[in-house]
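The values are calculated or read from the model by the stated rules, or taken from the named source; none is laboratory data. Given the structure is predicted, the values throughout are model-derived calculations rather than measurements. Note that we place each Cβ from the backbone using ideal geometry, even for glycine, and neighbour counts take in every protein chain shown. The area values use the complete protein model at the heavy-atom level, side chains included, leaving out ligands, DNA and RNA. Shrake-Rupley method; radii C 1.70, N 1.55, O 1.52, S 1.80 Å.
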Amino acid sequence: MIETRLLRQFVAVAEALHFHQAAERLHMAQPALSQAINRLEAKLGFALLQRDRRGVKLLPAGAAFLQTAYTVLGQLQQGIEQARQVSQGTAGTLTITSVSITGYPWLLDTLRQFRLAFPRVQLVIKEMPSANQAKALLSGDTDIAFLRYLPGQADNIESRLLLDEPILLALPADHPNADDVAIELKDFAGADFVFTPQALGSGYHHQLIALCEAAGFSPRVVQEADQLPTLIGLVACGFGVALVPQSIARSMPRDKVAFVPLTAASSSIGLYLNWNTDNPSPLAGHFFSLLDEAM
């Protein structure tokens, strides 16, 4: 291993081609500098400089090694500056996951403002179910997660309720109740339902089941879909009806599916902002500030 201190000392001598001048530039004694260059050449196993009465001259190997020294020191300086910017929260990578991106205008606005304010930050944005987000959050694979429910309790996870979204009933556009202002869920006790699998978000799944049970029935689930857009597609094809958060209705076309509010006062579901305290990120703090302004 070659110490960067030796590289800097060699660069000073190679540029000055004079040990005394290089020593003054480095604020060190000339004998100590000569010894340092000798150590460097010993480590390398070949000579870099020719020293004689006429002065100091770079050997071909020295000229080649000088370019290497410039590259190494330059990359080191760039790395230090990059690390400094990351520590200050002005550079780096911020990974954000959410159950929906397009369904939340305030989230889209926050992302836009963040990109403008921190152009050197790489934003990694992923849509995924709550259960997958919870795993990514616990493993440190995401910095910020917008999800419905975090399975279990974790001391290193902080959560903040952002909003309670109304739950709507998605119906085929030609359904007799498609134009209703509001719907009694109990009237659909005999209907076929399409659901997302419980494994992708047990809290979300349980809340929708509980909503049906409060209306006096257990839903007859005839089909499941991993993604909400696919779920809506199944509704459009006539597989059944579906309970969905309001955000999905904002991002889906309404020519084949109608979204009707429920009359039940408790028909809402929370969206939570979550982050892992074991992986503090200055970038996350900047994002939170912009998020507060957008909501």
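Residues of the stretch 259-295 that are of a type outside the set (A, V, I, L, M), at pLDDT below 90, open to solvent by less than 40 Å² (accessible area, probe 1.4 Å) and farther than 20 Å from residue 164 by Cα: 276, 281, 285.
Taken together, the criteria place residue 2 among residues that are outside any helix (DSSP H, G or I) and not charged (D, E, K, R).
Scanning for something open to solvent by 70 Å² or more (accessible area, probe 1.4 Å), out of contact with any Lys or Arg (no Cβ under 9 Å at 6 or more places or on another chain) and more than 30 Å from residue 92 (Cβ to Cβ), does the stretch 151-168 turn up at least one residue? Yes, the stretch 151-168 has at least one match. If only residues of the stretch 42-62 that are free of Cβ contacts under 8 Å to residues at least 40 places away in the same chain and within 49 Å of the chain's Cα centre (by Cα) are counted, the one that is surrounded by the fewest Cβ atoms within 10 Å (Cβ to Cβ) is 45. Considering (1) surrounded by fewer than 18 Cβ atoms within 10 Å (Cβ to Cβ); (2) in contact (Cβ under 8 Å) with a residue 24 or more places away in the chain, the lone condition that residue 212 does not fulfil carries the number (1).
Residue-wise test of (1) crowded, with 19+ Cβ neighbours inside 10 Å; (2) within 30 Å of residue 275 (Cα to Cα); (3) touching a residue at least 60 places away in the same chain (Cβ under 8 Å).
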| position | (1), (2), (3) |
| --- | --- |
| 170 | yes, no, yes |
| 176 | no, no, no |
| 180 | no, no, yes |
| 188 | yes, no, no |
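In the stretch 6-41, the qualifying residues are those that are of a type in the set (Gly, Ala, Ser) and over 21 Å from residue 67 (Cβ atoms), and the one that is surrounded by the most Cβ atoms within 10 Å (Cβ to Cβ) is 23.
The criterion of at least 3 residues that are closer than 28 Å to residue 154 by Cα is met, among helices (runs of 4 or more DSSP H) falling completely within the stretch 181-288, by 202-214.
Counting the residues of the stretch 107-128 that are loosely packed, with under 13 Cβ neighbours inside 10 Å and in a helix (DSSP H, G or I) gives 3. For the stretch 81-104, filtering for residues that are touching a residue at least 24 places away in the same chain (Cβ under 8 Å), in a helix (DSSP H, G or I) and surrounded by 13 or more Cβ atoms within 10 Å (Cβ to Cβ) leaves 2. Of all residue pairs spaced 6 or more apart or on separate chains, none has beta-carbon atoms under 7 Å together with a first member in the stretch 276-289 that is at positive phi and a second member that is open to solvent by less than 30 Å² (accessible area, probe 1.4 Å). Filtering the stretch 215-240 to residues that are under 34 Å from the mean Cα position of the chain (by Cα) and either free of Cβ contacts under 8 Å to residues at least 12 places away in the same chain or closer than 26 Å to residue 272 by Cα (or both) leaves 224, 225, 226, 227, 228, 229, 230, 231, 232, 233.
Take residue 215 and decide whether it is small (Gly, Ala, Ser), touching a Leu at 6+ places or on another chain (Cβ under 8 Å), at pLDDT below 95 and within 23 Å of residue 264 (Cβ to Cβ). Give the steps one after another, and end with the answer.
Working: small (Gly, Ala, Ser): yes; touching a Leu at 6+ places or on another chain (Cβ under 8 Å): yes; at pLDDT below 95: yes; within 23 Å of residue 264 (Cβ to Cβ): yes.
In short, yes.
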